[in-house]
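The values are calculated or read from the model by the stated rules, or taken from the named source; none is laboratory data. These numbers were taken from a predicted model, which means no experiment stands behind them. Here the Cβ positions follow ideal geometry from the backbone for every residue, glycine too, while neighbour counts run over all protein chains shown.
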């Protein structure tokens, strides 16, 4: 079937930053087939949707998540990272069942669909249940089974990851990755095994690096940095998604220049946990791609990428001590085209031949009035609740605020029940 949406201001984020207002977008078989001013395509369609007073833009991509941690949202808030992890989160995670992970991920999918996220990179266990939830919800996902331990204890987790990759490789919306958690939870020998497996099987790598001062201090005692260690282990030989990178230094940049992939900053999580601010200007000047993510909902509490765009802009302006050092458009690019680039994905902008992954954001509300600058409104004023439509692979997952793919209220009730059992 051929679909068309007419009436909104279309913000393409293509290389020319083309905007059509009012515009139209036509799609078929999951792909954009026509794009331009309203009434620019006379070809008939099977369904026409008119949405006036709205922005149509590429769907947001969440570059780093632990989606099933929705069930742990609010647990031990306001604790330091290592205390939060070791004293609170890890003991609860040990109790999670496969069905808990499925329900928690589906709950996260509901939140992301409502707030305009069309795809996310995830690291967790029970990866097959994460994939099952994503498949039902209709989103895109880059899924890694978290790997921890040494060469002996971690090998079964690596084997499980490779089995998952074999099973799901080739899925139209799900891309397997390998997920060594971090240098402080994965031995060097196991990191080397992951690097070798990624090269042999042509898989991307998703890892936490340089997230906290504690991590940096621990590795400094071993006279190394997270980036030097990852490079020595061979991780940069594959496409790599580096989560956080908050404490990357000028001496680490040489490891990053020319890599396939990039860094995903999670400003809300990094601020809430007191971990610091990514040195974005230094990375931008070095030509290193920086995308945007939320981190897990147990540390950020929210999966709203509109909040992350605001936080990224606020913190970078604060770090630079001048408001002109970071523009609204940079935050929007980070949440779309830059994260797509890190993931090796063709989405993140609207153009003929690109995936039909887009969102419609209502603009007729008090907090979006007046409009002097559409991009500034989207980054600094819009909220996830303003999203009216979420479309992924040409499928309308939400129309006028109603999720069409699954029973959202049933998922909420099931998640509440499972969360109570976990913490009782």
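Restricted to the range 17-32, and to residues there that are modelled with pLDDT of 95 or more and surrounded by fewer than 18 Cβ atoms within 10 Å (Cβ to Cβ), the residue that is nearest to residue 373 (Cα to Cα) is 19. Candidates 16, 95: the one that is more than 23 Å from the chain's Cα centre (by Cα) and without any contact (Cβ under 8 Å) to a residue 12 or more places away in the chain is 16.
State whether one or more residues within the range 330-340 are crowded, with 16+ Cβ neighbours inside 10 Å, free of Cβ contacts under 8 Å to residues at least 60 places away in the same chain and within 18 Å of the chain's Cα centre (by Cα). Checked against the condition, which is being crowded, with 16+ Cβ neighbours inside 10 Å, free of Cβ contacts under 8 Å to residues at least 60 places away in the same chain and within 18 Å of the chain's Cα centre (by Cα), the range 330-340 yields at least one hit. The single residue among 104, 74 that is in a loop (DSSP other than H, G, I, E, B) and either closer than 29 Å to residue 336 by Cα or at pLDDT 95 or above (or both) turns out to be 74.
Got a sec? Which of 411, 391 is in contact (Cβ under 8 Å) with a residue 12 or more places away in the chain and under 29 Å from residue 34 (Cα atoms)? I'd like the intermediate steps shown before the answer.
On the way: 411 fails: under 29 Å from residue 34 (Cα atoms).
Among 411, 391, only 391 is in contact (Cβ under 8 Å) with a residue 12 or more places away in the chain and under 29 Å from residue 34 (Cα atoms).
Scanning the range 202-212 turns up no residue that is loosely packed, with under 15 Cβ neighbours inside 10 Å and over 22 Å from the mean Cα position of the chain (by Cα). Note on the range 4-16: residues that are surrounded by fewer than 20 Cβ atoms within 10 Å (Cβ to Cβ) and in a strand (DSSP E or B) amount to 1.
Does residue 87 count as modelled with pLDDT under 95 and either under 18 Å from the mean Cα position of the chain (by Cα) or part of a helix (DSSP H, G or I) (or both)?
yes
Take the conditions (1) within 11 Å of residue 6 (Cβ to Cβ); (2) within 29 Å of the chain's Cα centre (by Cα); (3) at pLDDT 95 or above; residue 52 misses just one of them, which is (3). Taking the range 251-264 as the range and being in contact with a strand residue (DSSP E or B) (Cβ under 9 Å, 6 or more places away or on another chain) and either surrounded by fewer than 18 Cβ atoms within 10 Å (Cβ to Cβ) or over 11 Å from residue 210 (Cα atoms) (or both) as the test, the residues that pass are 256, 259, 260, 261, 262, 264.
Hey, can you tell me all the residues within the range 277-301 that are modelled with pLDDT of 95 or more and not in a loop (DSSP other than H, G, I, E, B)?
Of everything in the range 277-301, those that are modelled with pLDDT of 95 or more and not in a loop (DSSP other than H, G, I, E, B) turn out to be 280, 281, 282, 283, 284, 285, 290, 291, 292, 297.
The listed residues are 60, 72, 48, 56, and the only one of them that is out of contact with any helix residue (DSSP H, G or I) (no Cβ under 7 Å at 6 or more places or on another chain) and surrounded by 17 or more Cβ atoms within 10 Å (Cβ to Cβ) turns out to be 56.
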